[in-house]
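Reading through the structure tokens given below for one structure.
The values are calculated or read from the model by the stated rules, or taken from the named source; none is laboratory data. As the structure is a computational prediction, the values presented were derived from the model and not from experiment. So basically every Cβ, Gly included, is an ideal-geometry build from the backbone, and we count neighbours across all protein chains shown.
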């Protein structure tokens, strides 16, 4: 092994990332649950103008539920 | 370049701004939370080589899914139609698979910390320094171009003054990378990947409903499938990937099948995906060789499907606003996605879309900044300026370099806002650097006789040849190529051929490195003592790199079928 490879190996040994870095699934799950709730509520209270703009689809409701499901999936996967 | 029209102002309200504000809080929160995991310089620059493959894989695709890419590919969709799929299925997938299956064992297995560092061990300091300098300068300038593009979009959509957008986004990126290093950048990229999908999928669904589904869209654009004798607005080749690309045939792209396959599919795409450190860095932060190999392979699958939510909105925008990109309409092709956001999304989802766009801009910039600080600190500062200091010194330097890089990028953005044409040239210029780099890598990896001087002169001559072809032969009309895109493809082929020939000639007249110094760096050799035992569970069939890689290639080929019949 050459010098730089020893150096990298040594750094890998003292690295703190594996032990101390939090799991990103927590963040994705948390943010998508919050967004999912906000957007679902916007869908439940959608005005006629909102519905008309999105071609009659209650896009807030469906997107919100989708994001909520994804968020719960990530939290459940932990 | 990104001149957005007046009249694109979105009707955002408090709900949309709350969604955006939450995102900003989370972005910084990730930076603070990742801070305690940074103990060594390796943690800061490469996440301690410890991340799982699904995280690095999604970061790999997200680092490329910057907002300039999203808006630009939707624009290409509206301008060139189905030809745009070439940038994905032939212009990305084969190169990503090649990186994972063939090149990653050399990159990851040799324990180098950056793409230029590989050149140092394989060819020596001259090519190392040349490519490190080019990479450092181009990363900062590209980060600036990206910031400037963002400022224009935000000015048009939200009414923010340009300097506010540049300063706000710049400081958030600076904040979270200085705190948490690459881990923070990668985590934000993974998050951005999901937010951008949550923005683009509803946009595409509502858009398709508006134009009468896929059939309605095809009918409006090509006249096929509709009533007898109906004519589409764009001619019947518009939704075909290959019709009209015969050599000598005229088409909107200005390229033929040969330049598409060789120029885009081989040299440009392999140059970008296999030697651009902003991408490769994500794979180098994986926790073992198997995860590093799977990084670009896992990224390949979303990459195959992204055209559905990027090119399709471009086509929809063209049906909804037939004057898009026409002179006098005030709307450019780049406005395709903003137009759909304005016309189709109610508050709520609109906030998600704005957040996704902003997230994509910031992540695109962060990918440049986090690769810049690594190359500058390790490959320039530690290699040539201040050698052999303690690790803590280089960690601190990395943080300072991040700050300097972001501030230089912000400066570039301000300069760009007064000389936007110069920026167009710069982008074209930088697109040429990766091709000779790929040429040098591929020859260096497979031909152990190729020498150090050959690497340097191959790199330099290939780069100069591409510039000569583009700026002199094409721009001065010495040879006739119908479009900038076509000229790009040809320049890339020229760069590769010239670089390869120069390497061959120089190798034959110079002395090769002794074989024992090349262990682990060229094909057919292994670094002694670096073999890793396979990790638990990596022998599961769905984690086999060969299966993932060939699966992606087959899937990409199958995707061509509906656009080729």
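What to note about this one:
- Among the candidates B:120, B:133, residue that is within 14 Å of another protein chain (Cβ to nearest Cβ), within 24 Å of residue B:395 (Cα to Cα) and assigned to a helix (DSSP H, G or I): B:120
- Only one of B:84, B:68, B:56 that is over 30 Å from residue B:332 (Cα atoms) and crowded, with 21+ Cβ neighbours inside 10 Å: B:56
- Among the conditions (1) without any contact (Cβ under 8 Å) to a residue 40 or more places away in the chain; (2) under 12 Å from the mean Cα position of the chain (by Cα), the only one that residue A:74 does not satisfy is (1).
- Some residue of the range B:164-173 being assigned by TED's automatic domain parsing to the domain that holds residue B:559, at pLDDT 80 or above and either farther than 18 Å from residue B:369 by Cα or in contact with a strand residue (DSSP E or B) (Cβ under 9 Å, 6 or more places away or on another chain) (or both): yes
- Helices (runs of 4 or more DSSP H) contained in the range B:1-70 and holding at least 1 residues in contact (Cβ under 8 Å) with a residue 12 or more places away in the chain, more than 26 Å from the chain's Cα centre (by Cα) and within 11 Å of chain A (Cβ to nearest Cβ): B:14-35
- In the range B:320-348, residue nearest to the other protein chains (Cβ to nearest Cβ) [restricted to those that are over 13 Å from residue B:75 (Cα atoms), in contact with a helix residue (DSSP H, G or I) (Cβ under 6 Å, 6 or more places away or on another chain) and outside any loop (DSSP other than H, G, I, E, B)]: B:344
- The one condition in (1) under 20 Å from residue B:67 (Cα atoms); (2) more than 14 Å from every other protein chain (Cβ to nearest Cβ) that residue B:188 fails to fulfil: (2)
- Subset of the range A:1-10 (residues that are facing another protein chain (nearest Cβ under 7 Å) and at pLDDT below 80): A:1
- Condition broken by residue B:112, with the remaining ones in (1) surrounded by fewer than 24 Cβ atoms within 10 Å (Cβ to Cβ); (2) not in a helix (DSSP H, G or I) satisfied: (1)
- Exclusive hit being without any contact (Cβ under 8 Å) to a residue 24 or more places away in the chain, in the same structural domain as residue B:103 (by TED's automatic domain parsing) and in a helix (DSSP H, G or I), set B:297, B:258: B:258
- Some residue of the range B:172-180 being within 11 Å of another protein chain (Cβ to nearest Cβ) and either touching a helix residue (DSSP H, G or I) at 6+ places or on another chain (Cβ under 7 Å) or without any contact (Cβ under 8 Å) to a residue 24 or more places away in the chain (or both): yes
- Members of the range B:119-135 found to be surrounded by fewer than 24 Cβ atoms within 10 Å (Cβ to Cβ) and within 21 Å of the chain's Cα centre (by Cα), listed by number: B:133, B:134
- Test: residue B:10 is out of contact with any strand residue (DSSP E or B) (no Cβ under 6 Å at 6 or more places or on another chain) and at pLDDT 90 or above: no
- All conditions but one from (1) part of a helix (DSSP H, G or I); (2) at pLDDT 85 or above apply to residue B:450; the one that does not is (1).
- Residue in the range B:207-216 that is over 17 Å from the mean Cα position of the chain (by Cα), away from chain A (no Cβ under 14 Å), within 17 Å of residue B:412 (Cα to Cα) and part of a helix (DSSP H, G or I) present: no
So that you can scan it fast, the table gives a plain yes or no per residue for (1) at the interface with another protein chain (Cβ under 7 Å from one of its Cβ atoms); (2) within 28 Å of residue B:189 (Cα to Cα):
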| position | (1), (2) |
| --- | --- |
| A:12 | yes, yes |
| A:18 | yes, yes |
| A:29 | no, yes |
| A:35 | yes, yes |
| A:48 | no, no |
| A:52 | no, no |
| A:65 | no, yes |
| A:71 | no, yes |
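- Residue check: residue B:480 meets all listed conditions (1) surrounded by fewer than 24 Cβ atoms within 10 Å (Cβ to Cβ); (2) in contact with a helix residue (DSSP H, G or I) (Cβ under 8 Å, 6 or more places away or on another chain) but one, namely (2).
- Residue B:512 meets each of the listed conditions (1) assigned to a loop (DSSP other than H, G, I, E, B); (2) at pLDDT below 85 apart from (2).
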